[in-house]
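Peer 1: Handing you a structure now.
The values are calculated or read from the model by the stated rules, or taken from the named source; none is laboratory data. The structure displayed is predicted, hence computed values, not measured ones. Glycine gets a Cβ as well: all are built from the backbone with ideal geometry, and neighbour counts include every protein chain shown.
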Amino acid sequence: MIIRAGLLAAALCLNAGLALAQPLPSLPPPSPAPLQPSDPFGEEAMLTERTILYFRGAGKWESAFESLADAFASLVQYAEPKGIKSTGPALTVFTQTNDSGFEFLAALPIAEAPADPPKGDIGIGKTPSGRVLKFTHRGSYDAMDTTYEAITNYLDQKNLDAKDTFIEEYAGGPLKKGDDNLVVTVYVPIK
């Protein structure tokens, strides 16, 4: 999103007749909405294993929301005609991350695996389980960086080591383009 903001600023400078040699001011990252008093932030919890219908994918951080929204759209497009119903909030299991991108499972919890299992990028699996710390994010997906920075600071202050996997659970259903009023619970498994 910062790249898009930089391109917009460059276009505005050209229209205003400013020289491109001048540095463009950087825009601050979007801020998440304020948390509610009942929102957990660092609360310990135990996750139980659940059966999920998932879409396996990969993405780049600069287009994370689009990658996840497209994955959920594909998952819903597969599930609806087959009568597969979700039994809980949609979630993303981030299975691998690095500085440039990530691998993930966009998932819908289901009661049981269908008799005719899916093939390809769509599959049936289980969610991670065990001890986690629970955090809340409110606002746009673009503002998630600020929330993850706060989570990292919290873990550092408490001298806690997180596992490589983390989970985002979306209170309003699967991610959809244009939704800036998200409520996301982030589960961070602890070693």
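Peer 1: Only one residue in Tyr170, Tyr141 is within 11 Å of Thr185 (Cβ to Cβ) and within 12 Å of the chain's Cα centre (by Cα), so which one is that?
Peer 2: Only one candidate qualifies: Tyr170.
Peer 1: If I ask for residues that are without any contact (Cβ under 8 Å) to a residue 60 or more places away in the chain and in contact with a helix residue (DSSP H, G or I) (Cβ under 9 Å, 6 or more places away or on another chain), which ones from the range 87-104 would you list?
Peer 2: Of everything in the range 87-104, those that are without any contact (Cβ under 8 Å) to a residue 60 or more places away in the chain and in contact with a helix residue (DSSP H, G or I) (Cβ under 9 Å, 6 or more places away or on another chain) turn out to be Asp99, Ser100, Gly101, Phe102, Phe104.
Peer 1: Can you tell me which residue within the range 120-168, out of those that are in contact with a helix residue (DSSP H, G or I) (Cβ under 7 Å, 6 or more places away or on another chain) and at pLDDT 95 or above, is farthest from Phe55 (Cα to Cα)?
Peer 2: Ranking the candidates gives Phe135 first.
Peer 1: Here are some conditions: (1) at pLDDT 95 or above; (2) exposed (fewer than 14 other Cβ atoms within 10 Å of the Cβ); (3) of a type in the set (D, E, K, R). Glu112 meets all but one. Which one does it not meet?
Peer 2: Here Glu112 meets the rest and fails (1).
Peer 1: Among the residues of the range 75-109 satisfying the criterion of being over 16 Å from the mean Cα position of the chain (by Cα) and in a helix (DSSP H, G or I), which is surrounded by the fewest Cβ atoms within 10 Å (Cβ to Cβ)?
Peer 2: Pro81
Peer 1: So, one more: Would you call Ala143 crowded, with 17+ Cβ neighbours inside 10 Å and out of contact with any strand residue (DSSP E or B) (no Cβ under 6 Å at 6 or more places or on another chain)?
Peer 2: Spelling it out, Ala143 is indeed crowded, with 17+ Cβ neighbours inside 10 Å and out of contact with any strand residue (DSSP E or B) (no Cβ under 6 Å at 6 or more places or on another chain).
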